[in-house]
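Each remark here refers to the structure printed beneath this line.
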Amino acid sequence: MSDVANINGYTESQDRSDLDVTVGERLLTIVGGGALAWYGLSRRSLLGLATAAVGGYAIYRSATGHAPVREGLSLVMSPAEQPMVVEETITINKSADEVYTFFRNPENLVRLMDSVESVEVQGEGWFRWIAEPIPGAEVVWHEDIVEDRPGERIVWRVAPDADIDSHASVTFTPAPGERGVETRLRFEVYPPGGAVGAAVAGLFDSIAAKRVKQYLRHAKQLLETGEIATVEGQSSGRSDVEVECW
Amino acid sequence: MRAVCWHGVHDVRVETVPQPRILNPRDAIIQVTLTSICGSDLHLYDGYVPSMLPGDILGHEFMGRVVEVGGEVQNLEIGDRVVVPFPIACGQCYFCRHEMWSLCDNSNPKAWMAEAVYGYSPAGIYGYSHLMGGYAGGQAEYVRVPFADVGPMKVPEDVVDEQAIFLTDTLPTGYMAAENCAIKAGDTVAVWGCGPVGQFAILSAYLLGAERVIGIDTVPERLAMAREHAGAETLDYEATSVVASLKELTGGRGPDACIDAAGMEASHGGLEGLYDKVKQAVRLETGRPHALREAIQACRKGGVLSLAGVYGGVIDKVPMGAAFNKALTFKMGQTHVHKYLRPLLEHIQQGRLNPAFIITHRMSLEDAAQAYEMFKHKEDGCVKVVLQPAAYWASS
């Protein structure tokens with residue numbers, strides 16, 4: 001099992017020592033973990049959710065004074081048997097083939113999720129995703145397509161070495177009366193067990209549905225209108241940047 | 001640039017803010033030549049619409065000249081003189097394709113918020129709270145117009161700004177209210193509220209074949225305007241029982257259709273008025289629906305109730321028993337402005353409608369705070385205020 005995701009700062013600090021974390025480190029990770037969890041919550045992407053989950057782990061680690069992932073505690077490491085599931089649906093006024101083609105292109109998926117920097121195609125069905133939700137905290141993960149039925153369904157699964165096992169699917173069903181395509185996006189996440197798992201589950205429940213719906217809205221807007229509706233960067237009588245009302 | 005910014009209840013300020021810029025390929029930037037204050041802006045001014053933020057630029061009735069277009073806007077050129085519909089519509093979703101422009105699926109960037117409140121999100125609207133997208137409005141020198149290849153309509157030179165400005169909202173809103181009445185020969189239509197929308201609803205009802213139109217208000221100059229310019233019979237609700245008078249005027253049948261052009265801040269005295277004012281003040285209801293209640297009561301059996309005045313949230317003591325047992329039809333909604341632009345422009349060009357008569361005050365954009373206060377209190381005979389940005393004010 002690899003370390004706490006692949007977030008650079010945390011990986012390095014934990015690699016320095018196999019011993020329990022020091023008091024200073026505990027303070028740092030509490031602050032850092034809190035910031036990371038908050039940051040993850042404030043981002044509108046599933047990746048943000050993952051960031052939040054990792055932040056939650058960092059808090060757990062410093063609060064207990066142990067680094068359970070490093071010690072390989074089965075309490076934390078064994079994934080839950082039941083996945084957390086979020087599923088949202090939107091009807092897109094296009095043909096099933098057009099919507100399928102859109103979702104099959106990873107460049108388009110990047111446009112839906114605003115914290116994702118890039119995605120590279122790496123051989124048959126494999127993608128390497130890179131996101132930098134905060135400066136210096138690059139997150140990298142790999143996914144492959146495990147099911148690909150043109151015009152009907154795509155299923156992605158993260159690589160087995162990821163910290164949090166998950167897969168995602170998108171299913172296309174023609175709506176009656178030429179109303180377009182019912183597009184159903186589903187994420188299944190197998191969180192680690194124990195306290196961290198509970199924290200992840202709580203975060204997932206509270207934010208994932210809204211976020212997944214937002215991905216679908218962006219997909220619909222791009223497919224139907226060619227752009228994502230926005231007011232970010234517009235004029236106002238506020239001196240700060242546009243306030244995001246979440 | 002200068003813009004009218006909302007800062008709180010009864011607090012609007014004209015401030016210097018950054019120029020708008022193109023954010024999406026289908027955007028355009030319009031230099032505003034004329035803008036106006038809508039009765040529904042008073043709901044923002046009075047604080048009855050949630051999700052406003054201090055600094056939001058107000059205004060959804062505006063027109064002007066195109067000064068910049070995004071890469072995907074092929075139908076407009078720099079210098080074109082256009083009116084802009086107040087709902088923002090993409091033109092490609094199911095609703096736009098079925099002429100339900102104010103229900104556009106794709107124009108509200110904060111759709112999640114409207115979905116939480118209304119179940120589904122209607123179209124984005126300029127300067128009308130974050131629930132409606134948080135778009136900067138057009139009571140400003142410049143405004144960003146999204147989906148500019150769909151919304152703005154070029155105005156022929158023979159139609160002056162003071163006629164064209166009302167195509168953005170007020171005129172189509174009055175027209176749709178009348179159209180929703182499905183008027184047949186011999187019909188009598190009663191209109192609650194003789195503000196700008198009520199005046200246009202009266203005119204439109206006649207245009208669509210109504211035999212008689214009765215306007216209801218209590219402000220003398222509004223009743224006079226309804227009689228002299230729009231040709232309505234009028235009732236003063238402070239001086240008479242509206243339901244009894246309407247029954248009397250229609251041979252005991254009641255009006256065939258009733259238009260509520262007053263909305264969520266309808267005025268009314270007595271105990272009922274006090275009840276609603278108190279509940280609205282403590283936010284137990286968000287509207288004072290007196291006109292709606294009375295219209296339901298007054299409407300004939302099998303008649304139509306058409307709502308043009310804006311409702312935003314929850315209202316109270318609506319006589320559903322009367323509505324149900326008289327088998328009334330309810331029609332309502334934000335106006336599908338795009339659908340009415342060209343037909344109404346033609347009515348103006350042919351001389352069948354001259355909407356400029358509702359203007360009672362012409363002011364500089366710089367005086368917006370004073371204009372809001374005057375309009376709210378209906379001071380100085382105020383029915384409609386148009387505002388000109390300073391540059392145009394100086395040259396005209």
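Only residues that are closer than 22 Å to B:T173 by Cβ, acidic (D, E) and not in a strand (DSSP E or B): list them for the stretch B:201-237, please.
Residues satisfying the conditions are B:E221, B:E228.
Quick one: count up the residues across the stretch B:238-248 that are without any contact (Cβ under 8 Å) to a residue 40 or more places away in the chain and either assigned to a helix (DSSP H, G or I) or buried (at least 20 other Cβ atoms within 10 Å of the Cβ) (or both).
3
Restricting attention to the stretch B:99-116, report how many residues are more than 8 Å from chain A (Cβ to nearest Cβ) and either touching a Pro at 6+ places or on another chain (Cβ under 8 Å) or under 13 Å from B:G333 (Cβ atoms) (or both).
Residues in the stretch B:99-116 being more than 8 Å from chain A (Cβ to nearest Cβ) and either touching a Pro at 6+ places or on another chain (Cβ under 8 Å) or under 13 Å from B:G333 (Cβ atoms) (or both): 7 in total.
Looking at the structure I just gave you, is B:V82 touching a strand residue (DSSP E or B) at 6+ places or on another chain (Cβ under 8 Å), part of a strand (DSSP E or B) and within 14 Å of another protein chain (Cβ to nearest Cβ)?
In short, no.
Can you tell me which residues in the stretch B:364-388 are in contact with a helix residue (DSSP H, G or I) (Cβ under 6 Å, 6 or more places away or on another chain) and polar (S, T, N, Q)?
B:S364
Among what's in the stretch A:232-246 and is surrounded by fewer than 22 Cβ atoms within 10 Å (Cβ to Cβ), in contact with a Leu (Cβ under 9 Å, 6 or more places away or on another chain) and modelled with pLDDT of 65 or more, pick the residue that is farthest from the other protein chains (Cβ to nearest Cβ).
Residue satisfying both the conditions and the ranking: A:E232.
Could you grab me the full set of residues in the stretch B:16-48 that are within 11 Å of chain A (Cβ to nearest Cβ) and touching a residue at least 24 places away in the same chain (Cβ under 8 Å)?
Result: B:V17, B:Q19, B:P20, B:R21, B:I22, B:L23, B:N24, B:P25, B:R26, B:D27, B:I29.
Considering only residues that are out of contact with any His (no Cβ under 8 Å at 6 or more places or on another chain), surrounded by 22 or more Cβ atoms within 10 Å (Cβ to Cβ) and in a helix (DSSP H, G or I), which ones fall in the stretch B:97-129?
Within the stretch B:97-129, B:A111 is the sole residue that qualifies.
For (1) over 18 Å from the mean Cα position of the chain (by Cα); (2) at pLDDT 95 or above; (3) surrounded by 22 or more Cβ atoms within 10 Å (Cβ to Cβ), each residue gets a yes or a no:
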| site | (1), (2), (3) |
| --- | --- |
| B:R212 | yes, yes, no |
| B:P220 | yes, yes, no |
| B:A226 | no, yes, yes |
| B:C258 | no, yes, yes |
| B:L271 | yes, no, no |
| B:P289 | no, no, yes |
| B:A295 | yes, yes, yes |
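Between a first residue in the stretch B:144-160 that is within 14 Å of another protein chain (Cβ to nearest Cβ) and a second residue that is basic (K, R), which pairs have beta carbons less than 9 Å apart while being 6 or more apart in sequence or on different chains?
Short answer, once both residue conditions are applied: B:R144/B:R21; B:P146/B:R26; B:F147/B:R26; B:A148/B:R26; B:D149/B:R26; B:V150/B:R26.
If you go through the stretch B:49-76 one residue at a time, how many are in contact with a strand residue (DSSP E or B) (Cβ under 7 Å, 6 or more places away or on another chain) and away from chain A (no Cβ under 13 Å)?
Number satisfying all stated conditions: 11.
Name the single residue, out of those in the stretch B:85-96 being part of a loop (DSSP other than H, G, I, E, B) and more than 20 Å from B:T170 (Cα to Cα), that is farthest from the other protein chains (Cβ to nearest Cβ).
B:G91
The values are calculated or read from the model by the stated rules, or taken from the named source; none is laboratory data. Bear in mind the structure is a predicted one, so any value in this text is a computation, not a measurement. Cβ coordinates were reconstructed from backbone atoms using ideal geometry, including for glycine residues, and neighbour counts include every protein chain displayed.
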